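Novice: My structure is below; once you've seen it, I'll send some questions.
Coordinate-derived values only; no laboratory data. Owing to the predicted nature of the structure, the values given are computational and were not obtained by experimental measurement. As a convention, Cβ positions derive from the backbone with ideal geometry for all residues, glycine included, and neighbour counts pool all protein chains shown.
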Amino acid sequence: MANGRRAKDDWVFTGQTATPAQIEMLRSRDLIPTRDVRTTTFTILGVPHTAEWREEGFIRLKPSLDPSLWPVGSSEHSPSG
């Protein structure tokens, strides 16, 4: 970055409501959360995400800050905390 800091030091993780295509992707991989199993974890482009059931037809996707979910050897790309 222009100020000499690494962009990863300032990552902002925000959740989003899953699009119909993302819900279908989760469903096709049997990862869709339900009323009984409220969260599932999956990876998009090497970044672990949590899918959280909100109500029928609404799934919240959030990048995970849990370092134990990040791929082994990717500490340089994972969040610090």
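Novice: If Lys and Arg each add +1 and Asp and Glu each add -1, what is the summed charge of the other residues whose beta carbon sits under 12 Å from the beta carbon of residue 38?
Specialist: Local net charge: 0.
Novice: Which FRET efficiency value, to the nearest 0.05, do you get for residue 54 and residue 30 by plugging their Cβ-Cβ distance into 1/(1 + (r/R0)^6) with R0 = 25 Å?
Specialist: In this case the efficiency is close to 0.85.
Novice: Taking the simple approach of a point 7 Å from Cα along Cα-to-Cβ for both residue 43 and residue 17, what is their distance in nm?
Specialist: 3.0 nm
Novice: If you don't mind, another one. Karplus couplings for the stretch 29-40 from phi (6.51 cos²θ - 1.76 cosθ + 1.60, θ = phi - 60°), rounded to Hz, Gly and Pro as x?
Specialist: Per residue, the Karplus-derived 3J(HN,Hα) values read 9, 6, 10, 5, x, 10, 4, 7, 10, 6, 9, 9 Hz.
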